[in-house]
Amino acid sequence: MAKMWTGVTNGVTDKLADDFNSSISFDSKMFKEDIEGSIAHASMLAKQNIISESEKDCLIDRLCSILEDLKSGKLSIDQSAEDIHMFVEQVLTERVGETGKKLHTARSRNDQVALDFRMYVKNEISKIVSLIKSVLSSLTEQAEENASTIMPGYTHLQRAQPITFGHHLLAYAMMLIRDIDRFNDCYKRTNVSPIGSCALAGTTYNTDRFYEASLLGFDGVCKNSLDGVSDRDFTVEFISCCSTLMMHLSRLSEEIILWSSWEFKFIELSTDYTTGSSIMPQKKNPDMAELIRGKTGRVYGDLMGILTTLKGLPLAYNKDMQEDKEGLFDASETVKACLSILAPMLKTMKAIPENMLLAAQKGFINATDLADYLVKKGLPFRTAYKISGSIVSDCIKNNTVLEKLPLDKYKEYSELFENDLYQEIDLLTCVEKRVSYGGTSVSSVNGQIKFVKEYLQNV
Ligand code: ARG
């Protein structure tokens, strides 16, 4: 097939080589960015008198019509084209004639692809941030409803201390807030325009890179043309943000899976987000949560992929860099799909406070509070800890719990025990006493909810 780049080559390549070289099957995703970039380029060229006003008007008019036709489906993408940039330029030249050939003045596909990709990533960041916000809303809603729902808090997956379900959910809200901050930070570095770097060395034309960047909503321009065409840090950073986010979603999913098991039964997922079994009629499987957990692996793979692709590339552009797109598209689509399913799944999930309380009542999760009781009566913590431990061992032996052990039994361990100990080891009291900043007390949980709500309004 004949090419637009018939320089010293005759532009004829083997069909297999064409297919191997082509990126249109995936980079056509960026058709909108490519055309918007070209519209800005035409405007800059005219402002700098590199093309005439009427040439610019003609180019922009046809570029807009190509965009419309692609959106409506009137024009379909020619899969035999080399990439989206070549395809758009080819259609433009067909529609405009000779003037179409002027558009590529003072630019190269190297800065063009870097530009399109940055524009694409910027849009994806905005979409992802708004999806994270909807998951945050679901979490906050559930946290509000469960601000005083007692459950066991765990370490090593062993019951540790009583907390509230609201407090537990808000831990994830804090992670997601950091994720939004990370994406917004990545946005700042992505929001720098490479266009005008041209092939690698800049250009002899009197271009205005700043004007072109501002037309496209960029904050500034890359300061070094070699860096402009070879920098894919924003890709690494974006997929890294996706990976950290997925790690958080996966941990939450894992808990959802555990909580909805019969062993826990702390929550019940809506049937909209579970599946049945083809053989076991009693089954209600948390497939969506499992898939989120599972898809985390592929996003990590995308990150490893781009890091490895870029490693060792000499400056400036190398065709290896065409491999930057599929991994990023995959990571982004995966993250969006996971967030889209997680938001309604969390919103419709039902907490089962009775079961959480039942679990909290077993496992001696108020043993620390028993020790603290003695400390407040004057014993050093280590001594109190020892006494409390012996009482727990005794309870285990006699198959009872701290709340049910009579006072005279307690007195055998320490004369400091009085009737008020029962109040102190009451689970709700244990929670309410944890008023330290960020602790699990209801007032602290309410403070956290307020913080998340304000964040959502201002971000
Ligand atoms: N399709 C290419 C890519 O995605 C566009 C850049 C091609 N540049 C070049 N000099 N061949 O990276």
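The values are calculated or read from the model by the stated rules, or taken from the named source; none is laboratory data. Quantities reported herein were computed from a predicted structural model and do not represent experimental measurements. Neighbour counts run over all protein chains shown; Cβ positions are idealised from the backbone, glycine included.
Descriptive notes on the structure:
- Residue in segment 209-216 that is assigned to a helix (DSSP H, G or I), touching a residue at least 12 places away in the same chain (Cβ under 8 Å), acidic (Asp, Glu) and closer than 17 Å to Lys47 by Cα present: yes
- Subset of segment 98-114 that is within 11 Å of the ligand (Cβ to nearest atom) and either free of Cβ contacts under 8 Å to residues at least 12 places away in the same chain or part of a helix (DSSP H, G or I) (or both) - its residue that is nearest to Lys319 (Cα to Cα): Asn110
- Subset of segment 303-339 that is within 15 Å of the ligand (Cβ to nearest atom) and within 30 Å of Leu139 (Cα to Cα) - its residue that is surrounded by the most Cβ atoms within 10 Å (Cβ to Cβ): Leu328
- Scoring Lys74 on the criteria (1) more than 35 Å from the chain's Cα centre (by Cα); (2) without any contact (Cβ under 8 Å) to a residue 24 or more places away in the chain leaves a single failure, condition (1).
- Condition check for Ala40: without any contact (Cβ under 8 Å) to a residue 60 or more places away in the chain and surrounded by 15 or more Cβ atoms within 10 Å (Cβ to Cβ): no
- Any hit, segment 17-27, residues being surrounded by 17 or more Cβ atoms within 10 Å (Cβ to Cβ), outside any loop (DSSP other than H, G, I, E, B) and in contact with a Gly (Cβ under 9 Å, 6 or more places away or on another chain): no
- The set of residues from segment 85-97 being within 16 Å of the ligand (Cβ to nearest atom) and surrounded by fewer than 18 Cβ atoms within 10 Å (Cβ to Cβ) comprises just one member, Gln90.
- Scanning segment 116-123 for any residue that is farther than 15 Å from Val442 by Cα, away from the ligand (no atom under 16 Å from the Cβ) and at pLDDT 95 or above turns up at least one such residue.
- Pairs, first among the polar types (S, T, N, Q) in segment 311-338, second near the ligand (Cβ under 9 Å from one of its atoms), C-beta under 7 Å, six or more apart: Gln322/Ser23
- Residue within segment 279-297 that is free of Cβ contacts under 8 Å to residues at least 24 places away in the same chain, within 16 Å of the ligand (Cβ to nearest atom), within 25 Å of the chain's Cα centre (by Cα) and surrounded by 15 or more Cβ atoms within 10 Å (Cβ to Cβ) present: no
- Qualifying residue in segment 376-386 (condition: touching a residue at least 12 places away in the same chain (Cβ under 8 Å), over 30 Å from Ser138 (Cβ atoms) and outside any loop (DSSP other than H, G, I, E, B)): yes
- Residue, farthest from the chain's Cα centre (by Cα), within segment 154-206, restricted to residues that are among the aliphatic types (A, V, I, L, M) and within 16 Å of the ligand (Cβ to nearest atom): Ala201
- Checklist (1) away from the ligand (no atom under 16 Å from the Cβ); (2) outside any helix (DSSP H, G or I) applied to Ile77, failing item: (1)
- Members of segment 418-437 found to be surrounded by 13 or more Cβ atoms within 10 Å (Cβ to Cβ) and either in contact with a strand residue (DSSP E or B) (Cβ under 9 Å, 6 or more places away or on another chain) or free of Cβ contacts under 8 Å to residues at least 12 places away in the same chain (or both), listed by number: Glu418, Leu427, Leu428, Cys430, Val431, Glu432, Arg434
For (1) part of a helix (DSSP H, G or I); (2) within 30 Å of Ser225 (Cα to Cα); (3) over 22 Å from the mean Cα position of the chain (by Cα); (4) of a type in the set (Gly, Ala, Ser), each residue gets a yes or a no:
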residue	(1), (2), (3), (4)
Gly312	no, yes, yes, yes
Leu315	no, yes, yes, no
Asp320	yes, yes, yes, no
Ala331	yes, yes, no, yes
